[in-house]
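The values are calculated or read from the model by the stated rules, or taken from the named source; none is laboratory data. Keep in mind it's a predicted model, so treat the numbers as computed, not measured. Glycine also receives a Cβ, built like all others from the backbone with ideal geometry; neighbour counts cover every protein chain displayed. When the accessible area is computed, the model is the full protein with side chains, heavy atoms only, and any ligands, DNA or RNA have been set aside. Shrake-Rupley method; radii C 1.70, N 1.55, O 1.52, S 1.80 Å.
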Amino acid sequence: MATPEELKESWKNKSVFQRQLDLNLRQLDDGFSYPPHWRQMLQVLGALRPKSIHELGCGVGAASQVIKAHIPSIEYSGSDYSEDAIHIAKNHWGTPEKFSVLDIRDMTEDFVQRYDCILEGAVLDVMPNGDEMLEFMLSLNPKNLYLQRMKFTDKPSYYEEYEAYGEITTCQYYHNIDNIFSMAQNYNYDMVPIRSSALSDFPEGLLFKRK
């Protein structure tokens, strides 16, 4: 088993991000069958209509192209803790100024206040301390915080290890749903569950809107 610190650092892997880019390019070429989290992102951002967003954990930056194609009025920027991921993003999309290396653990309130919405497409779901990091993000007082690809449980929060891209050991974090509601109340946010089906036991994402 990997240690929590090893899991936190596991996505700093150049070959994984090259494979991610290859996958994303195929997905972008077939706009009529985007993966579910891209379709949900467009629905949520289309309704919220932020003027600017910053994506934490942007990886190779493919979401920037989805937003550019469908909601070009949104000013996008993205960051990731992986220098290799950001190198690929800067070199591939022709907009290097939109991408930067930044660890979520180094975020500041001044930084998040620059944006109408902070987007996390794949961060908390692969961290072994997902609840702790969510509380940290809420403590920075973002105007809106949109979290995707989340898993929930009515049991105490936990994570499970798995192998990604046949390259790295990472984890899937499961948030205790009651704890998430308590965080939203404690930090004065309305919480909007994002789900693909009304029959789902749990949502696939959450939108925190500051009251």
| request: Place a +1 charge on the Cβ of each Lys and Arg in the chain and a -1 charge on the Cβ of each Asp and Glu, then give the dipole magnitude about the Cα centre in debye, rounded to the nearest 20. | output: 880
| task | Do me a favour and compute the ellipsoid semi-axes for the stretch 1-104 from its Cα gyration tensor, root of five times each eigenvalue, largest one first, whole Å. | result | 24, 15, 14
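Going by the alpha-carbon gyration tensor, a ≥ b ≥ c the square roots of its eigenvalues, is the stretch 49-136 rounded (a/c under 1.5) or, if a/c is not under 1.5, prolate (a/b greater than b/c) versus oblate?
Working: a/c = 1.76, a/b = 1.28, b/c = 1.37.
Because a/c hits 1.5 or more and a/b fails to exceed b/c, the stretch 49-136 counts as oblate.
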| field | Estimated FRET transfer efficiency when R0 is 30 angstrom, pair Gln18-Arg195 (beta carbons, to 0.05) | value | 0.40
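Could you tell me whether the stretch 69-187 comes out rounded, prolate or oblate from its Cα gyration tensor? Rule is a ≥ b ≥ c as square roots of the eigenvalues, rounded for a/c under 1.5, then prolate if a/b exceeds b/c, otherwise oblate.
Values: a/c = 2.06, a/b = 1.26, b/c = 1.63.
In terms of gyration-tensor shape, oblate.
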| query | At q = 0.18 Å⁻¹, what log₁₀ I(q)/I(0) does a Debye calculation on the Cα points of the chain give, no solvent, two decimals? | reply | -1.50
| task | Heavy atoms only, probe 1.4 Å: what % of the accessible area of the chain goes to carbon and sulfur, would you let me know? | result | 47
| Ellipticity estimate at 222 nm from DSSP helix runs (n ≥ 4, -39,500 (n - 2.57)) divided over the chain, nearest 500 | -11000 deg cm²/dmol
| said: Could you report the stretch 127-186's accessible area per residue, 1.4 Å probe, as an integer in Å²? | reply: 46
| In nanometres, what is the gap between the two model label sites at Gln27 and Glu132, each 7 Å from Cα along Cα-to-Cβ? | 2.8
| request: Treating only the Cβ atoms of Lys and Arg (+1) and Asp and Glu (-1) as charged, compute the dipole magnitude of the stretch 1-117 about its Cα centre; round to the nearest 20 debye. | output: 420
| task | Quick one: compute the contact order of the chain, relative version, from alpha carbon pairs under 8 angstrom and 6+ residues apart, as a percent. | result | 19
| query | Among the lysines, which have Cα under 29 Å from the Cα of Lys209 when same-chain residues fewer than 8 positions away are ignored? | reply | Lys8, Lys51, Lys68, Lys98, Lys143, Lys151, Lys155
